[in-house]
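The values are calculated or read from the model by the stated rules, or taken from the named source; none is laboratory data. Note that this is a predicted model, so its numbers are computed, not measured. For neighbour counting, all protein chains shown are included, and Cβ atoms are generated from backbone atoms with ideal geometry for every residue, glycine included. Note: accessible area is taken over every heavy atom of the protein model, side chains too, but ligands, DNA and RNA are not part of it. Shrake-Rupley method; radii C 1.70, N 1.55, O 1.52, S 1.80 Å.
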Amino acid sequence: MDAQVEQAIQLAFDPRTDQQTKSAAYTFLHQLREDANGWQTCLTLFTRTPAPDEVVRLVCLEVVNNAVQTQRLDQQNLVYVKENLLGYVRQWYTPGSTNLDSPGIQNKLTQTVTYLFTSLYAAEWPSFFDDFRNLAGSGSDIGTSNPAATVIYLRIVGSVHDEIADVMIPRSPDEQKRHNELKDLIRARDVGKIIATWQEILSRWRQIDLSITEMCLRTMAKWVSWIDVSVMLDGSVQGALLELAGQQGNFEADSKEGRARDAAIDTFTETVGKKMSANDKVQLIRYLNLESMVGQLLAAPALSQMRNTPEYDTDLAETLAKLVNNVVFDIVKVLDANDTEQQTRSSAEHLLQAFMPFLLRLFSDEYDEICSAVIPSLTDVLTMLRKNVKAQIAAPSQYAGMLRPILDAIVAKMKYDETATWGDDEDATDEAEFQDLRKRLHILQQTIAAIDEPLYIEVLTNVVANTFSRLDSNDKPNWRDLDLALYEMYLFGELAIKNGGMYQKTVPSSAASQNLTEMLVKMVDADLANYPHPAVQLQYMEICVRYVQFFEHNTDKIAKVLESFVRFVHSDHDKVRLRSWYLFQRYVRHLRSQLAHLAQNVFQAVSDLLTIKAELPEDRDDEDISSDDDGQSANAAFTSQLFLFEAVGTVASTSAVQIDTKVAIAKSVIEPLAADLQRHLPAAKSGDSRAVLQVHHVIMAFGSLAYGFSDWMPGVKAGHPPPDEVSSEFMNASEATITALESLKQSFDVRNAARNAFSRYLGVLGARILNQLPRWIDGLLSSASSNDEMAMFLRTLGQVVYGFKTEISSILDQLLTPLLQQVFAGLAQPTAGTDDEVQLKELKQQYLNFILMILNNDLASVLISPANQGTFDSFLSTLTRFACDHTDPQSARLAFSALGKMTSIWGGPDLTSADATPAPSLPGFDSFVLAQFAPLPWKLVAAPGGNPQDAQMRSVLQEAGALQWTIIRKTQYRDQLQRELEGLGANPEAVRSYMISIAGEVLNFRKFFATFVQQAKR
């Protein structure tokens, strides 16, 4: 069997083996792994002398490891495995042995031994640590007489921690309990001896291989979190740690010396992070003399003289930053606690003052990874100061000496590095990381502003003012300086406008607003828009748009900025040009009332950019695709171009613009687009993809222009469509759109663009669009339309019904039946996945909302008109079916609401007495309601699977109760209801209470009905 297993492993992992044989070998090995006795053969093979091939030993050990880990072995077999592996280690890991295991086998051997430890240490293997420690030699020659045994011992000690004490590994409660018991046993039996071994290794660190020293330190750093920290207070250990951490020299960061040094610092970091009382923590930090050690390391050549050179030791700096971060975190935790003793608090304050220079030095490091490592503790410091100021424990001025250097460091860190480039696709990742860092720094700035607002205003104002003042000197700022100043200006406004805006009446609303106003004046007057770097140009535009209120009060600056925008929208730089199209639209929308006299000029300035040329994705080479838009460059450019059409409409839309000018602008845009659409339509109908995309783009442009001219919507009291002369031009655009839609209604993109344009034509055409409505519906709700498309269009159509309720009745009467038939077809489509189910629910809800819109706007007669009687039964069946579907509570609630509204409208006047005769507006409707509507609430209650305790289901029950409340007022339902209640098992008192409640207010009965059902279902 041994030979068979060995041969199978060799065949499975030999690249020369044919695929069929390899597959058979893998199958055999899988069966071996699952076989109850397969581990025995593998154990024999692994420990055999002479040893088999490396791959055979590794696979065999993995099979043994799996058997131990999955707890398939009883205690006797576990002991057998333990004896064999321990014998193997004693044989192989002897002084001077040349048969050393590879790292892979060492890892797997360590893992297997660790699993044995968890099962046997408590009773069968109490000498676990001693057995491996004894192989490493005596304390006087450990690490040199048998280094291989020392390594395997340290590996095993580290692995034991990982298995039973690593807090990052999730464990079941039973596992956690068992591991806690093992930790208690280790503390009682062996921890002293393990610590002694660490001390012996560290006392000889200069004589032994530094990789062993590093491994020892890494192991100590792991264990210190759950053993007595006194090991770190031992003089010899501390001395060795300080010597290791303070090693000087020009060695590489990944050398043995560098790794050992970093491991020593990490050990300090983990020690400081150990949970303990406030007083003990402060005493520990002081005893470890970390202040002196950190100061010496920061002053070492590797971190001082080599700073800003390629030889700068970033690994050391980052390791040190993590230590400082932990120390400051714990100091702040002590200071922030309410029950800290005064003496301890004083010591902690002294430590904070001592470590702040270290914190700021590392925070201001040129490398963002090092800076980021201390941001958490700096955040904690500022949060504590903010809390103290807010609680009036301390005045802001008390912290000025600490806050100013912190704020200065934050601002400096906001600046692009001297080596940084901007806009290169190759540096996209670095740019994203820097912008993320800026966001984190911004939070720190906000905290400082909350602590000491005057200081924040002073520092930020000086940063901007000093940069701008250099524009007139020989020491001119570079693009990084200007980018920083403009970025801080952009953020500064959060303070300036926090109280409702920059201005109160005509004067700045605060000191910050006054300063920001002066900054903006200087920015515009200094012609920063002409600075050639794109980063500065982008910041300039963003600021102009964000603080557009400034231009409302300083109208003399508008023309100059507008000229700058015209240059930006024609920029040769893609990022500047595309972003400016959006920001230009934002700028002119805010200031349109001030731009009336410039409407024609604005249009002419950008008219050359209003030519549409659709590009398919394959039209561009790979190198032309920017990483910023993930390969969608053509689509991104067109999306931005749409903002230009909107901007043109916006500047022409104000009442101060002459009607002739409005018409001229609209005509100048619409006529070329309509002609272009007509020109591409034949090719699009023939299936030309580029022509179809061109049609889509033109229709989208029509919609954007319309939205610019009017953002009014039907049903909104404020506002109105533009003058008839302008609307007439858009009638031409609408006609061109419908013509294209009728020809290409099988195209999803064209339908999508047309639906978007339709919703925007409403604002410019008003009621004039109603005559085209049947054609719009025929095109947008074609057989190719998805449920999602129908749902979106029904939402828009509901807005039309609401806005034109007095004019739409006759048109709605004509189009309702074909509309409903299309919706019914969509509702009947089978679902084939989660997306389909979501779309179906959305269609149901928009369909029901549309019906409610009809009912709520005095258009109910359309539902029962002669033209629509043929679909009435189908329409009604959807309502009754949806009402009792507890799997879709939103639709059920809407369905009950619609049924209640229909009962209220067609049920006639309320009955004034129990024997009054119903007088429905539709003959026989009262009997119909009793037969069809009255059973629905009980049918909903009886449906299996419904949970009346669910919040959404409760809202359905309340709507069902409202229907019942309406029915009893329109029909002779009282006696029938009492019989129904008795049939449900209600006692006389419950029936009497029910009838009293339903005779009261509807809001009260809605709640009563839901509660009644909940109690009955318990």
Scalar couplings 3J(HN,Hα) for the range 514-528 by Karplus 6.51 cos²θ - 1.76 cosθ + 1.60 (θ = phi - 60°), nearest whole Hz, x for Gly and Pro, are 4, 5, 5, 4, 5, 4, 5, 4, 5, 4, 6, 5, 7, 6, 4
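Determine the sum of side-chain charges near GLU458: Lys and Arg each +1, Asp and Glu each -1, restricted to other residues whose C-beta is under 10 angstrom from that of GLU458.
Details: positive: ARG404; negative: ASP452, GLU453.
Once positives and negatives cancel, what remains is -1.
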Between SER786 and ASP234, the two model label points (7 Å from Cα along the beta-carbon direction) sit apart by a distance in nm of 6.8
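For SER97 and GLU311, what does the FRET efficiency come to when R0 = 45 Å and r is the distance between their Cβ atoms, rounded to the nearest 0.05?
On the way: r = 40 Å, r/R0 = 0.89.
The formula returns an efficiency of 0.65 here.
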Two pseudo-spin positions, 7 Å from Cα along C-beta at LYS667 and at VAL566, lie apart in nanometres by 2.4
In whole Hz, the Karplus estimates of ³J(HN,Hα) for the range 135-141 (6.51, -1.76, 1.60; θ = phi - 60°; x where Gly or Pro) are 6, 7, x, 6, x, 7, 10
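Cross-link list LYS613/LYS745; LYS685/LYS841; LYS177/LYS387; LYS108/LYS275; LYS82/LYS222: which exceed 28 angstrom alpha carbon to alpha carbon?
On the way: LYS613/LYS745 22 Å; LYS685/LYS841 33 Å; LYS177/LYS387 39 Å; LYS108/LYS275 33 Å; LYS82/LYS222 25 Å.
Over 28 Å Cα-Cα: LYS685/LYS841; LYS177/LYS387; LYS108/LYS275.
Near MET168, within a Cβ-to-Cβ distance under 15 Å, what is the net charge of the other residues, with Lys and Arg +1 and Asp and Glu -1? Provide the component values of the computation, followed by the final result.
On the way: positive: ARG171, LYS222; negative: ASP162, GLU163, ASP166, GLU175, GLU270.
Here the count lands on -3.
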dims of the chain, Cα set, principal axes, largest to smallest, nearest Å -> 107, 89, 72
So for the range 474-609, using the alpha carbon gyration tensor with a ≥ b ≥ c as root eigenvalues (a/c under 1.5 gives rounded; past that, a/b versus b/c decides prolate or oblate), I'd call it oblate
Descending packing, highest mean Cβ count within 10 Å first, for 567-579, 978-990 is 567-579, 978-990
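Report the FRET efficiency, 1/(1 + (r/R0)^6), for ALA596 and ASP836, where r is their Cβ-Cβ distance and R0 is 56 Å, rounded to 0.05.
Values: r = 50 Å, r/R0 = 0.90.
So the FRET efficiency works out to roughly 0.65.
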Sorted by number, the cysteines in the chain with no other cysteine beta-carbon under 4.7 Å are CYS216, CYS371, CYS544, CYS884
Sequence order, the range 735-751: Karplus ³J(HN,Hα) from phi using 6.51 cos²θ - 1.76 cosθ + 1.60, θ = phi - 60°, Hz rounded, Gly and Pro as x, gives 5, 5, 5, 5, 4, 5, 5, 5, 7, 10, 6, 7, 8, 4, 4, 5, 4
Any lysines whose Cα falls less than 22 Å from that of LYS970, other than same-chain ones fewer than 8 residues away, would be LYS901, LYS939, LYS1007
Residues whose modelled amide H sits under 5 Å from the amide H of TYR503, counting only those 5 or more places away in sequence or on another chain, are SER509
Cα pairs beyond 17 Å in the range 347-426, in percent, come to 53
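Rounded to a whole number, what % of the accessible area of the range 105-254 do carbon and sulfur atoms account for, probe 1.4 Å?
Details: 3030 of 5980 Å².
Carbon plus sulfur share of accessible area: 51 percent.
What FRET efficiency, computed as 1/(1 + (r/R0)^6) with R0 = 56 Å and r the Cβ-Cβ distance, is obtained for ASP858 and VAL521, rounded to the nearest 0.05? Please list the in-between numbers first.
Working: r = 57 Å, r/R0 = 1.02.
Plugging the Cβ-Cβ distance into 1/(1 + (r/R0)^6) gives 0.50.
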Check: C-alpha center the range 14-45 vs C-alpha center the range 212-229, spacing in Å is 39
Under the 7 Å Cα-to-Cβ spin-label approximation, ALA299 and ASP130 lie apart by a distance in nanometres of 4.9
Net charge (Lys, Arg +1; Asp, Glu -1) of residues whose beta-carbon lies under 14 Å from that of ARG567, ARG567 excluded, is -1
Given a 1.4 Å probe, the accessible area of the range 731-888 per residue, as a whole number of Å², is 38
Given a 1.4 Å probe, the accessible area of the range 249-289 per residue, as a whole number of Å², is 47
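Given a 1.4 Å probe, how much area per residue of the range 319-423 is accessible, in Å²? Before the final figure, lay out the partial values.
Values: 4700 Å² over 105 residues.
Per residue, the range 319-423 has 45 Å² of solvent-accessible surface.
Could you work out the helix-only [θ] at 222 nm for the chain, with each DSSP H run of four or more residues adding -39,500 (n - 2.57) and the total divided by the number of residues, to the nearest 500 deg cm²/dmol? Please list the in-between numbers first.
Numbers: 46 runs with 693 residues, N = 1018.
Theoretical 222 nm ellipticity from helices: -22500 deg cm²/dmol.
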Using alpha carbon centers only, the range 760-784 is separated from the range 146-205 by a whole-angstrom value of 76
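How much of the accessible area of the range 675-792, probe 1.4 Å, is carbon plus sulfur, in whole percent?
Values: 2150 of 4290 Å².
The C+S portion of the solvent-accessible surface of the range 675-792 is 50 percent.
To the nearest 20 Debye, how big is the dipole of the chain about its Cα centre, given +1 on the beta carbon of each Lys and Arg and -1 on that of each Asp and Glu? Walk me through the numbers on the way to the answer.
Numbers: 91 positive and 127 negative charges, 680 e Å.
Using only the charged Cβ atoms, the result is roughly 3260 debye.
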Expected sort for 694-702, 377-385 on mean C-beta neighbours within 10 Å, highest first, is 694-702, 377-385
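Extension gain ILE169-TYR367, at 0.36 nm per residue separation less the Cα-Cα distance, in nm?
Details: separation 198, 0.36 × 198 = 71.28 nm, distance 3.14 nm.
This chain segment gains 68.1 nm when fully extended.
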In the range 871-1018 the accessible area split gives carbon plus sulfur, as whole percent at 1.4 Å, a share of 52
Mean Cβ-within-10 Å packing, highest first, puts peptides 79-86, 955-962 in the order 955-962, 79-86
Taking alpha-carbon centroids only, the range 574-604 lies from the range 790-861 a number of Å equal to 38
